[in-house]
């Protein structure tokens, strides 16, 4: 009854080969990540100390710590979030819940996706033109953050829109049938169930924002500053630019220092990503339908 | 008194007409059955009553539907209209809120904030939907985690919490076991004294058990409207009605 025919055999062999093939591809994928992380930890970890994290650079940046750059990156990300999250979430709610499905809405959606594909150096030049010069913010945290915000807006919008659309239509209809307005429905039923996806999007945006270099290079990040920024209209140092500077622009740099900077930067990003994964797992466990 | 008047109703999506030539009056305190095979336009009819066409730009409603003598197409405050009409869908929709919040949602949307008042409404509606005894000790657990039959009774409780004048049930027993179906049917019989009910159903015997009068929809037409028992045993205008209720097609 269960004899193996030649067709069975062929299928089973095929299945084994496909499995091995796909597994190998996955292995190749992991390799660069493992190598990068391994090298960074091996060479950079000895640099990491309280002093490295919490003091400024000394001796023409060849010694001392990275505190101004670390603080700068945190500031840049925070201000960028303040600008992009309200704007992005609001736009996504409109596009998903209010906008009629016509060619105009579709072209807006297309434009948003295309915005994500614009090279970061183009965003940088736009930032110079718009925020530094036209709005007169000068090279400042504000100008750099707004440039970052514009660049990462698509991430927030797409993540928010997708999590809104993951809320079943039947929930909305049940609510509308009760005489709820669109906004009542969004506030009481749709948003509470979409908030996890929105948060994930925001966290991904943070990790992306923290690593970007080009958009802040001309708009607000400085090569070296002796003082910490006093406000959003000051320039600041930033980890990503600092890494570029210490790896390529300064002579007599101790070999380990750039690895230390890179390790801090990538740890920040990985920390944000794992936070996002943990949050998602926690909230998925609480999924309500 | 006529609760819901339907005159020359036609509904189309884009170029496709899916229901036309519908004329009948539904009396107050009546259970009005609508039977018919799939794609007969039954659900679209309910959507037109509740002005759900506003959420679907393709949906075009012509003719008149009057609720309490007022043309629903001309009602400015559609939210007020929908609050007077409770709807129960084929598949239960337990909103991902607590059982309590599911039932308290409609009163809250209407501005009721007083906790004591809400407590009373929640208990009354869950009791009327024959669910209170099963959930009274866990009102704070999630409504969407109840079993299918319980969720459907929760949906009915939610519809009742609107204090509706008209209750529209769209094939409510599709996802419900026979015992629960019977319990809900008993509830509907009691509710007849307080409100008007439109019962869309695939089960002709359910219409026979509950409905005072029944309309037979077929292929986008209202073929027959009459006293329910007449559809089964009396005179029918169209032989297809008898064929359908006898199970010869559909």
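The values are calculated or read from the model by the stated rules, or taken from the named source; none is laboratory data. As the structure is a prediction and not an experimental result, all values here were calculated from the model. Backbone-built Cβ (ideal geometry, glycine too); neighbour counts: all protein chains shown.
Inside segment B:110-139, can you point out the residues that are farther than 12 Å from residue B:158 by Cα and in a helix (DSSP H, G or I)?
Step one: of segment B:110-139, the residues farther than 12 Å from residue B:158 by Cα are B:110-120, B:130, B:132-139.
If the condition is that a residue be farther than 12 Å from residue B:158 by Cα and in a helix (DSSP H, G or I), then B:115, B:116, B:117, B:118, B:119, B:120, B:132, B:133, B:134, B:135 are the ones that fit.
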> Given the residues A:131, A:171, which is the only one that is within 14 Å of chain B (Cβ to nearest Cβ), touching a residue at least 12 places away in the same chain (Cβ under 8 Å) and touching a helix residue (DSSP H, G or I) at 6+ places or on another chain (Cβ under 9 Å)?
Replying inline: A:171
> Within the set of pairs 6 or more residues apart or between chains, which connect a residue that is in the same structural domain as residue B:187 (by TED's automatic domain parsing) inside segment B:205-225 to a residue that is in a loop (DSSP other than H, G, I, E, B) and surrounded by 20 or more Cβ atoms within 10 Å (Cβ to Cβ) with Cβ atoms less than 6 Å apart?
Replying inline: B:216/B:36; B:217/B:36; B:217/B:40; B:217/B:41; B:218/B:36; B:218/B:40; B:220/B:41
> Any idea which of (1) away from chain B (no Cβ under 11 Å); (2) within 25 Å of residue A:202 (Cα to Cα); (3) crowded, with 16+ Cβ neighbours inside 10 Å; (4) more than 18 Å from the chain's Cα centre (by Cα) is the one residue A:148 doesn't satisfy?
Replying inline: (4)
> On the given criteria, is residue A:138 away from every other protein chain (no Cβ under 14 Å), more than 23 Å from the chain's Cα centre (by Cα) and in contact (Cβ under 8 Å) with a residue 12 or more places away in the chain?
Replying inline: yes
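Provide a single number: the residues in segment B:22-37 that are part of a strand (DSSP E or B) and either closer than 18 Å to residue B:170 by Cα or touching a residue at least 24 places away in the same chain (Cβ under 8 Å) (or both). Don't jump to the end; show me each part of the working.
Taking segment B:22-37 and keeping what is part of a strand (DSSP E or B), we get B:22-27, B:31-35.
Subsequent filtering for residues that are either closer than 18 Å to residue B:170 by Cα or touching a residue at least 24 places away in the same chain (Cβ under 8 Å) (or both) retains B:22-24, B:26-27, B:31-35.
Adding up the residues that qualify gives 10.
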>> With the requirement that a residue be buried (at least 21 other Cβ atoms within 10 Å of the Cβ) and under 22 Å from the mean Cα position of the chain (by Cα), what does segment A:236-248 give you?
In response: A:236, A:237, A:238, A:239, A:240, A:241, A:242, A:243
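This table checks each residue for (1) within 21 Å of the chain's Cα centre (by Cα); (2) under 25 Å from residue B:203 (Cα atoms); (3) buried (at least 16 other Cβ atoms within 10 Å of the Cβ).
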site: B:55; (1), (2), (3): yes, no, no
site: B:68; (1), (2), (3): yes, no, no
site: B:81; (1), (2), (3): yes, no, yes
site: B:94; (1), (2), (3): yes, yes, yes
site: B:107; (1), (2), (3): yes, no, yes
site: B:127; (1), (2), (3): yes, no, no
site: B:131; (1), (2), (3): yes, yes, yes
> So residue A:10 clears everything in (1) part of a helix (DSSP H, G or I); (2) within 14 Å of chain B (Cβ to nearest Cβ); (3) loosely packed, with under 11 Cβ neighbours inside 10 Å except one condition, right? Which one?
Replying inline: (2)
> Is it true that residue B:160 is crowded, with 21+ Cβ neighbours inside 10 Å, modelled with pLDDT of 90 or more, part of a helix (DSSP H, G or I) and touching a strand residue (DSSP E or B) at 6+ places or on another chain (Cβ under 8 Å)?
Replying inline: yes
